[in-house]
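To start, the structure under review is shown below, and the notes come after it.
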Amino acid sequence: MAGKIHEEQHLVTHYEGDQTGTMKVPMIINAMLLTSDNQSQQLGVGNAVVDKAGLGWVITQYVLKIKRLPRVGEQIVVGTRAVNNNDYFCQRDFWVKDQKGEVIVENTSIFVLMDRTTRRMHKLLPEIIEPYEADQVKRIVRLPKLETIEGASVAKDFSVEYFDIDPNRHVNNAKYFEWIFNTVDQDTLNNYYPAMINIRYHVEIQPNQVAHSTFTMDHDTLKSDHKIFANDTLCCEANVEWNHR
């Protein structure tokens, strides 16, 4: 039986929306992470507890499935639960429901604990993980591998600024979504929405580095390939499948 469920009401504000009047994907990610942070706090294993142990939570992969994007002014329900874990990896699921209870966004994620000093993965601590009551397993779910998309490519550079860095001292996860979608042309963004996003984080981007974001689109399949580099090192990559709005 998977772990404890935590849900919160959320009103989509105007600053969370884009030109189409729908919620920006980075804002959806932020709302999901806020919900999981609040659950951790309620369970007595919030950021202060993890930080005292010299650790921090790091996400290695998300797979989002989007039926539709929430609209500005819409009241939604954002939910989460820790599903299972082995010695090092945790599966945490997120969802967004409308007021009728229909799930409109699903997100499967993989988390690990990172040692703040060595910046390396740390074995999960029972005192931090047990309150979630997630299933203990030998192997967690294998999320889909990323594929290479052929087509015309464009690229943009983004400076990593002070406010891009979160309390774990790395670039906030939602920022990568901004870099990805800010590289996409306006025609695509105005006429399509991301129905599936598979994003994998490889290497932390550090303060004062430059993020080099590439975007390759196959207009026949409506699939795109995204890569983010820093100093020629691949730090993050993603596949996106697009649907007409």
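The values are calculated or read from the model by the stated rules, or taken from the named source; none is laboratory data. Please read these numbers as outputs of a predicted model, since none were measured by experiment. Methodologically, a virtual Cβ is constructed for each residue, glycine included, from the backbone with ideal geometry; neighbour enumeration extends over all protein chains shown. With ligands, DNA and RNA removed, areas are computed over all heavy atoms of the protein, side chains included. Shrake-Rupley method; radii C 1.70, N 1.55, O 1.52, S 1.80 Å.
For the reader, a short list of remarks on this structure follows.
- Over all other residues within a Cβ to Cβ distance under 15 Å of Asp220, the charged ones net out to -4, with Lys and Arg as +1 and Asp and Glu as -1.
- Lysine pair count for the range 42-169 (Cα-Cα distance under 19 Å; residues 8 or more apart in sequence or on different chains): 7.
- Label-to-label distance, Ile140 versus Arg169, with points set 7 angstrom from Cα along the beta-carbon direction: 2.3 nm.
- Per residue, the accessible area of the chain comes to 52 Å², computed with a 1.4 Å probe over protein heavy atoms only.
- Dividing the Cα radius of gyration of the range 68-209 by its Kirkwood radius returns 0.98 for Rg/Rh.
- Working note: Cα gyration tensor of the range 128-197, eigenvalues times five, square-rooted, sorted largest first, giving semi-axes of 31, 21, 12 Å.
- Between Asn30 and Asn190, the distance separating the two model label sites (each 7 Å from Cα on the Cα→Cβ line) works out to 2.5 nm.
- Environment charge of Val58, counting only residues whose C-beta is closer than 15 Å and scoring Lys/Arg +1, Asp/Glu -1: +3
- Note on the chain: along the principal axes its Cα atoms extend 49, 46, 34 Å, ordered by decreasing extent.
- Taking a Cβ cut-off of under 15 Å around Thr35, the surrounding Lys, Arg, Asp and Glu residues balance to a net charge of -2, with basic ones at +1 and acidic ones at -1.
- Segment His202-Asp87, extension gain: residue separation times 0.36 nm, minus the distance between their alpha carbons: 39.4 nm
- For the range 24-134, the Cα gyration tensor yields ellipsoid semi-axes of 27, 14, 13 Å (square root of five times each eigenvalue, largest first, whole Å).
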